[in-house]
Amino acid sequence: MAILKKKDISKMSEKETNEKIKDLRFELIKNQISSGKGRKLKTNEIKKTIARLLTFNRLNKDLKNLSAK
């Protein structure tokens, strides 16, 4: 579930990305609680995906603000 590519994210609406961020943050917390050897890679993967989603949301908001001016 953790890996989302740019083309997949661009197809999502803002509401969907926000829901995905919420789900991934919950999954990250669960992953950190039950941390083991194999969990470190998955934790990093989840963090990168959250960052990718947040960046995409921020860029879309910036583009909307520029086009509104």
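A short reminder: the numbers here are calculations on the coordinates, not readings from a lab. Not measured: the values here are computed from a predicted model. A quick note on method: Cβ atoms are made from the backbone with ideal geometry, for glycine too, and the neighbour counts reach across all protein chains shown.
A few notes on this one:
- Counted over all Cα-Cα pairs of the chain, pairs farther apart than 15 Å make up 54 percent.
- Crossing angle, helix 14-33 versus the chain [Cα axis fit, 0-90 degrees, rounded to tens]: 20 degrees
- Segments 40-52, 21-33 sorted - mean Cβ within 10 Å per residue, highest first: 40-52, 21-33
- For the chain: relative contact order, % (alpha-carbon pairs under 8 angstrom, 6 or more apart): 44 percent
- Acute angle (nearest 10 degrees) that the helix 39-68 long axis makes with the longest principal axis of the chain, alpha-carbon atoms: 10 degrees
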